[in-house]
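Q: Can you read through this structure? Questions will come right after.
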Amino acid sequence: MEAHSKSTQTAMLPQFPGNDAHYNQWQDNLTSVALAHAHELNLDPTKKVALENARLAWQTAFTDHLKAQTAAAATASWKENARREQEIFLRPLLAEWQENPHVSQTLRTALGMGARNEGRNGHAKPTTRPQLEADTTRAGQLTIHFRDFGATTKAKPPGVRGCQFWIQIGGSPPVILESMNHVATDTRTPYVIQFNEADLGKTVYIIGRWESHRGLTGPMSEMMTVTIPG
């Protein structure tokens, strides 16, 4: 007599989506379908309420999570802007204090400036100006190549940290640098400026000037006038 073995099949549960956004759609659909077919699925009133409450709890937590991510991104952007503006403000002050012979080494150390080094690059103000060239081949973007005026290489002058960029969008050509916006100090050419769609086709005025490692600035470049490509 042959022995017969009896096999037992076990139903496999579906895998939950790993991605939160996909899981959110999946659970919302599952809950809606299950509640619509509560009788076929043998869901008593208690389970129906529990199922709806579980969906609500998840969606509330997921929504709060997304809001927190958005807030964190906005806070990071605000932080970066605040630091950039503070650095712009502090560099000239540090340069002035660094050059002041009446500022003692004790005070320098307390300020976190370190020792004064007479031979350090960037001790003197830049004496030359940058030469700017704009690439307008991409819509909504300007790629600004910069080098020392009259130079054939991309090398910055000795002691120069980078090139400050000041711009004004639209209006009459600016007559003083302070009426323009300082948008960046780029340490390596080229510098890329992205524009909003509303600015496409407008005129943008651009000026650059060298900035030393101590925040000292040199002469302004010639003003570049460009139509923002659309």
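Q: Scan segment 99-115 and report the pairs whose first residue is within 20 Å of residue 125 (Cα to Cα) and of a type in the set (Val, Ile, Thr) and whose second residue is surrounded by 11 or more Cβ atoms within 10 Å (Cβ to Cβ) and at pLDDT 80 or above, with Cβ atoms within less than 6 Å and a gap of 6+ or a chain change.
A: Once the first residue is within 20 Å of residue 125 (Cα to Cα) and of a type in the set (Val, Ile, Thr) and sits in segment 99-115, its partners that are surrounded by 11 or more Cβ atoms within 10 Å (Cβ to Cβ) and at pLDDT 80 or above give 103/97.
Q: Taking the residues in segment 176-189 that are touching a Phe, Trp or Tyr at 6+ places or on another chain (Cβ under 7 Å) and assigned to a loop (DSSP other than H, G, I, E, B) as candidates, determine which candidate is farthest from residue 146 (Cα to Cα).
A: This residue is 180.
Q: With respect to residue 229, is the statement that it is over 19 Å from residue 133 (Cβ atoms), in a loop (DSSP other than H, G, I, E, B) and touching a strand residue (DSSP E or B) at 6+ places or on another chain (Cβ under 9 Å) true?
A: So residue 229 does not fit the description; no.
Q: Are any residues in segment 119-159 charged (D, E, K, R), over 24 Å from the mean Cα position of the chain (by Cα) and assigned to a strand (DSSP E or B), and if so, which ones?
A: Listed by number, the residues that qualify are 133, 147, 148.
Q: In segment 68-92, what count of residues is obtained for those that are closer than 25 Å to residue 210 by Cα and of a type in the set (A, V, I, L, M, F, W, C)?
A: Qualifying residue count for the region: 4.
Q: Does at least one position in segment 65-72 carry a residue that is more than 30 Å from residue 107 (Cβ to Cβ), in contact (Cβ under 8 Å) with a residue 24 or more places away in the chain and more than 30 Å from the chain's Cα centre (by Cα)?
A: No, segment 65-72 has no match at all.
Q: Scan segment 160-175 and tell me whether some residue there is at pLDDT 95 or above, buried (at least 18 other Cβ atoms within 10 Å of the Cβ), in a strand (DSSP E or B) and in contact with a Cys (Cβ under 8 Å, 6 or more places away or on another chain).
A: So far as segment 160-175 goes, no, none of its residues is at pLDDT 95 or above, buried (at least 18 other Cβ atoms within 10 Å of the Cβ), in a strand (DSSP E or B) and in contact with a Cys (Cβ under 8 Å, 6 or more places away or on another chain).
Q: Need the failing condition index for residue 218 against (1) more than 24 Å from residue 82 (Cβ to Cβ); (2) outside any strand (DSSP E or B), just the number.
A: Exception for residue 218: condition (2).
Q: Which of the following residues is in contact with a strand residue (DSSP E or B) (Cβ under 9 Å, 6 or more places away or on another chain), assigned to a helix (DSSP H, G or I), free of Cβ contacts under 8 Å to residues at least 12 places away in the same chain and not assigned by TED's automatic domain parsing to the domain that holds residue 211: 87, 80?
A: None of the other options fit; the residue is 87.
The values are calculated or read from the model by the stated rules, or taken from the named source; none is laboratory data. This is a predicted model, so every value here is computed, not measured. Heads up, the Cβs are rebuilt from the backbone with ideal geometry, glycines too, and the neighbour counts pull from every protein chain shown.
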